[in-house]
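Take a look at the structure set out below.
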Amino acid sequence: MLTYLLKRLASTIPVLVAVSIFVFGFVHALPGDPARLVAGPDAGPQDIAAVRAEMGLDLPLWEQYGLWLNNAVHLRFGKSIRTQEPVSTVVAQRFMPTLWLTLVSLAWSMTAGIALGVLSGVRRGKWEDQASMVAAISGVSMPSFWLGLLLISLFSVRLGWFPTGGYDSWRSFVMPAFVLGLGVAAVMARFTRSAFIEVSAEDYVRTARMKGAPERRVIWHHTLRNALIPVITLTGLQFGFLLGGSIVVETVFAWPGLGRLLVDSVSLRDYPVIQAEIMLFSTEFVLINLVVDLLYAAVNPEIRLR
Amino acid sequence: MLKWTLPLAALLATAGLAPAQAAGNVTMAFDNNVLGLNPANLNDNLSMSASRTIMQGLFGFDKDMKLHPLLAESYEANDNATVFTIHLRKGITFSDGTPFNAAAVKTSFDFMRDPANHLKRLSLYAPIDKIETPDDSTVKITLKQPFGPFIANLAHIAFAVMSPKAIAEYGKDLDRHAVGTGPFMLDSWQTDTLKVVKNPHYWQPGLPKVDSLTIKSVPEDGTRISMLQAGEAQFIFPVPPGMAQSLEHNAKFDLIHKPSIYARYVAMNVLKKPFDDVRVREALNYAVNKDALLKVVFNGYGQKLDSALPSGLAGYSSQGGAWPYDPAKAKKLLAEAGYPNGFSTVLWGNSASLTRKAMVFLQQQLGAVGVKVEVEPLEAGVMISRIYGVQKPEEAQTQLYYGGWSASTGDADWELRPLLSKMGFPPTLYNTGYYSNPKVDADVQGALETADAAKRAAFYKDAQAQIWKDAPWIFLVSENILYARVKNLSGIDVMPDGQTLTLDAAFTK
């Protein structure tokens with residue numbers, strides 16, 4: 001187990017290096033002189049030269065990469081071109097709001113999604129199934145900016161129950177977490193339902209019923225536990241995506257998260273921040289995949305890790 | 001960090017229903033993020049507005065962008081605008097207690113204009129040759145060459161005076177630690193929220209009247225309006241013209257709209273066929289219905305341009321009304337120029353939604369006189385590379401370019417020189433149509449060489465008449481500035497260039 005873990009962790013290093021080269025090349029291939037962008041439209045040649053020197057863009061590309069890599073290994077990510085703050089501060093300040101929002105959204109949407117999925121699976125073809133699936137499809141297809149604005153005008157402006165946005169108290173979590181989790185809950189419900197139905201047809205479920213196991217045990221122990229494998233995979237993926245921040249939800253609810261930071265940074269070609277953020281996302285995905293693999297083993301003892 | 005203890009406090013606060021303004025705290029919501037506070041390193045309106053709460057210059061603007069002395073009392077300039085002697089107000093201290101005097105001004109300006117510090121507003125400081133301090137309250141600035149609009153430049157926030165102590169202490173980190181003589185001081189700044197509090201040393205008696213200002217970044221237009229309606233913000237800017245109606249004639253809010261110094265135009269590349277023919281350029285001006293443009297894109301909030309300069313800019317002179325809308329005449333002129341069936345062309349602009357709307361409108365208007373327009377919205381980086389990647393004017397691919405400009409010095413120079421003179425050709429500045437007329441160039445240069453307001457006005461009047469005749473642009477509109485605040489708040493206003501002034505913020509009972 002430990003060897004497996006170490007091996008997996010070691011194998012992430014080349015992945016991350018490859019990602020860093022790709023991202024570096026890609027970011028620098030974007031059209032537009034970042035110095036010009038940062039200096040603004042009414043900047044003169046002196047201003048632009050000043051910015052270029054400040055950004056280190058006057059060095060050859062391979063040298064810029066070497067510098068960046070060397071700094072990154074030492075966990076130094078430089079300063080944001082946009083705000084002059086250390087990149088680590090910029091990203092860290094926005095990481096926590098994104099992480100909390102992700103956890104809260106995922107917590108409710110997983111619970112609701114799996115519950116609905118199981119309900120639909122058990123009552124397949126009945127009205128409960130149809131109602132749940134209509135709800136799920138509505139959840140997926142609801143444009144989140146529209147729903148967000150609707151909720152704001154109802155709960156913030158009319159009723160005054162929740163703030164329009166920001167990152168202050170539990171109240172400010174309610175609406176963004178609901179909107180962000182809605183799509184996830186819907187996908188989760190559909191996934192659970194089909195996995196549940198598939199597993200219900202297995203021999204061991206039939207056997208369990210035949211040997212007289214109570215229905216509750218058949219559903220929760222024999223069926224759901226096995227149906228959870230694809231659901232865990234899905235959860236891992238969703239977790240990774242949500243950690244990248246959601247530009248729409250963050251914009252509507254003025255949430256200081258990573259999604260908006262990335263868009264703002266790309267539009268001003270804030271190289272150090274873009275790079276650090278993408279590296280963070282890649283690392284998150286690699287780690288989540290690892291955790292998902294470990295969870296498989298926990299849920300299904302037949303899976304052994306080597 | 002997240003405060004899980006807050007719910008209780010929040011509950012108590014809502015139970016007591018204590019409105020935020022009772023203690024004299026104002027929350028303002030803007031569409032962008034504050035990026036920095038060192039005025040000599042800023043080029044976006046919001047950061048400059050935030051900086052203005054803390055920092056002040058020798059000269060300043062009022063809400064209509066009229067220039068007035070601020071930390072200065074008076075000044076003298078020599079005849080050819082190369083030496084400016086400025087007398088400072090006495091008895092002022094920075095918010096950190098350091099005395100404000102001639103030495104402080106020199107230290108600040110010398111730091112901001114030192115190329116080694118890589119600050120973004122270097123070019124505004126470029127005309128300065130040396131700064132001397134004949135006595136404690138006099139600053140003598142000598143320029144490298146005559147520069148008439150220098151006092152207007154000094155009113156630009158880039159020339160705000162930074163505390164010498166802060167410069168010594170923070171150097172390159174002034175963007176996060178600005179200290180000035182302004183009415184407020186930086187209190188906290190976390191991601192999207194910046195808070196400034198009353199400066200107890202402030203020199204104007206009785207000001208500021210509120211205890212603190214909080215600037216929040218709320219990018220979604222609808223959410224900003226909701227914040228005002230829900231009482232979470234007392235001031236919002238901008239209000240998009242399409243949503244302004246919901247706030248108009250409202251008992252609780254004031255929607256304020258007033259002329260800006262933005263000029264909206266389409267630059268035509270005069271070096272390229274068919275735009276090298278003045279008849280074609282006139283035809284395109286006749287082809288566009290500016291009233292309809294105002295209605296469609298800006299919901300009526302704006303004015304038609306009747307000169308290359310918008311009416312609020314110092315140096316503006318009217319050309320006797322906007323360019324008339326006359327599609328028949330447009331067709332006739334096109335035929336005379338050898339294009340009886342029109343021609344095809346490409347219109348560039350940025351990717352903002354209002355720009356797209358305007359470009360599609362122009363496409364329809366020009367199409368009606370036979371000019372087939374392909375609309376191409378460009379992402380900021382792509383735009384930069386297309387416009388500034390050009391080394392020789394003849395090589396530019398630009399045909400039509402939809403642009404907007406507001407001169408951040410409030411003076412005609414900073415529109416005519418970068419946009420309509422030979423000095424403004426890219427990659428140096430922003431003359432995307434490569435228009436140059438020796439007469440206009442001479443006027444712009446002439447106005448640079450004197451500080452005499454009447455003489456400068458005469459130069460700019462002449463230049464504007466010539467530009468109107470040459471029609472290098474489709475002269476469009478100048479949209480209004482739109483902002484909203486709660487009824488009992490006064491003294492927070494947006495200037496015609498889009499920067500916000502907060503010095504007089506006050507709640508009335």
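Condition check for residue A:233 on (1) within 30 Å of residue A:51 (Cα to Cα); (2) open to solvent by 20 Å² or more (accessible area, probe 1.4 Å); (3) among the polar types (S, T, N, Q): one failure, at (1).
Return the residues of region B:316-325 that are surrounded by fewer than 17 Cβ atoms within 10 Å (Cβ to Cβ) and more than 30 Å from residue B:61 (Cα to Cα); say none if nothing qualifies. Within region B:316-325, B:324 is the sole residue that qualifies. Residues in region B:228-247 that are assigned to a loop (DSSP other than H, G, I, E, B) and out of contact with any His (no Cβ under 9 Å at 6 or more places or on another chain): B:230, B:231, B:232, B:233, B:234, B:238, B:240. The condition of being more than 30 Å from residue B:452 (Cα to Cα) and free of Cβ contacts under 8 Å to residues at least 40 places away in the same chain holds for only one of B:337, B:328, that being B:328.
So, in region A:48-76, exactly how many residues are away from every other protein chain (no Cβ under 14 Å) and within 21 Å of residue B:119 (Cα to Cα)? The number of residues fulfilling the criteria is 1. Scoring residue B:154 on the criteria (1) within 14 Å of another protein chain (Cβ to nearest Cβ); (2) at negative phi leaves a single failure, condition (1). Looking only at residues that are within 30 Å of residue A:203 (Cα to Cα) and among the charged types (D, E, K, R) in region A:216-274, which one is nearest to the other protein chains (Cβ to nearest Cβ)? Only one residue tops the list, namely A:225.
Entry remark, region A:111-169: residues being in a helix (DSSP H, G or I) and within 14 Å of chain B (Cβ to nearest Cβ) number 15 in total.
When each of B:226, B:212 is tested for being at pLDDT 95 or above and more than 24 Å from the chain's Cα centre (by Cα), the lone residue that passes is B:212.
Only one of A:45, A:34, A:41 is closer than 30 Å to residue A:284 by Cβ, modelled with pLDDT under 80 and within 11 Å of another protein chain (Cβ to nearest Cβ). Can you tell me which? Before the answer, list the steps.
Values: A:45 fails: closer than 30 Å to residue A:284 by Cβ; A:41 fails: closer than 30 Å to residue A:284 by Cβ.
After ruling out the rest, the residue left standing is A:34.
Could you say which residue among A:9, A:37, A:16 is in a helix (DSSP H, G or I) and open to solvent by 50 Å² or more (accessible area, probe 1.4 Å)?
Values: A:37 fails: open to solvent by 50 Å² or more (accessible area, probe 1.4 Å); A:16 fails: open to solvent by 50 Å² or more (accessible area, probe 1.4 Å).
From the options A:9, A:37, A:16, the qualifying one is A:9.
Residues that are out of contact with any Asp or Glu (no Cβ under 8 Å at 6 or more places or on another chain) and part of a helix (DSSP H, G or I) within region B:460-489 comprise B:461, B:464, B:465, B:467, B:468, B:469, B:470, listed in sequence order. Quick one: which residue in B:195, B:216 is within 20 Å of residue B:30 (Cβ to Cβ), without any contact (Cβ under 8 Å) to a residue 40 or more places away in the chain and not in a helix (DSSP H, G or I)? On inspection, the qualifying residue turns out to be B:195. Only a single item in (1) at the interface with chain B (Cβ under 7 Å from one of its Cβ atoms); (2) in contact (Cβ under 8 Å) with a residue 24 or more places away in the chain; (3) basic (Lys, Arg) is not met by residue A:8, and it is number (1). Restricting region A:201-256 to residues that are of a type outside the set (A, V, I, L, M, F, W, C) and not in a helix (DSSP H, G or I), the residue that is nearest to residue A:117 (Cα to Cα) is A:202. Listed by position, the strands (runs of 3 or more DSSP E) contained in region B:55-156 that have at least 2 residues being more than 23 Å from the chain's Cα centre (by Cα) and outside the structural domain of residue B:450 (by TED's automatic domain parsing) are B:72-77, B:83-88, B:128-135, B:138-143. Taking the criterion of being in a loop (DSSP other than H, G, I, E, B) and crowded, with 20+ Cβ neighbours inside 10 Å, the residues of region B:284-315 that qualify are B:288, B:301, B:305, B:306, B:307, B:308, B:309, B:310, B:312, B:313, B:315. If you take the residues of region B:432-452 that are buried (at least 22 other Cβ atoms within 10 Å of the Cβ) and more than 14 Å from residue B:462 (Cα to Cα), which of them is nearest to the other protein chains (Cβ to nearest Cβ)? Ranking the candidates gives B:432 first.
The values are calculated or read from the model by the stated rules, or taken from the named source; none is laboratory data. Here the structure is a predicted model, which means the values were calculated and not measured. With ideal geometry, Cβ positions are generated from the backbone for all residues, glycine too; neighbour counts draw on all protein chains shown. Surface areas here come from the heavy atoms of the whole protein model, side chains and all, with no ligands, DNA or RNA. Shrake-Rupley method; radii C 1.70, N 1.55, O 1.52, S 1.80 Å.
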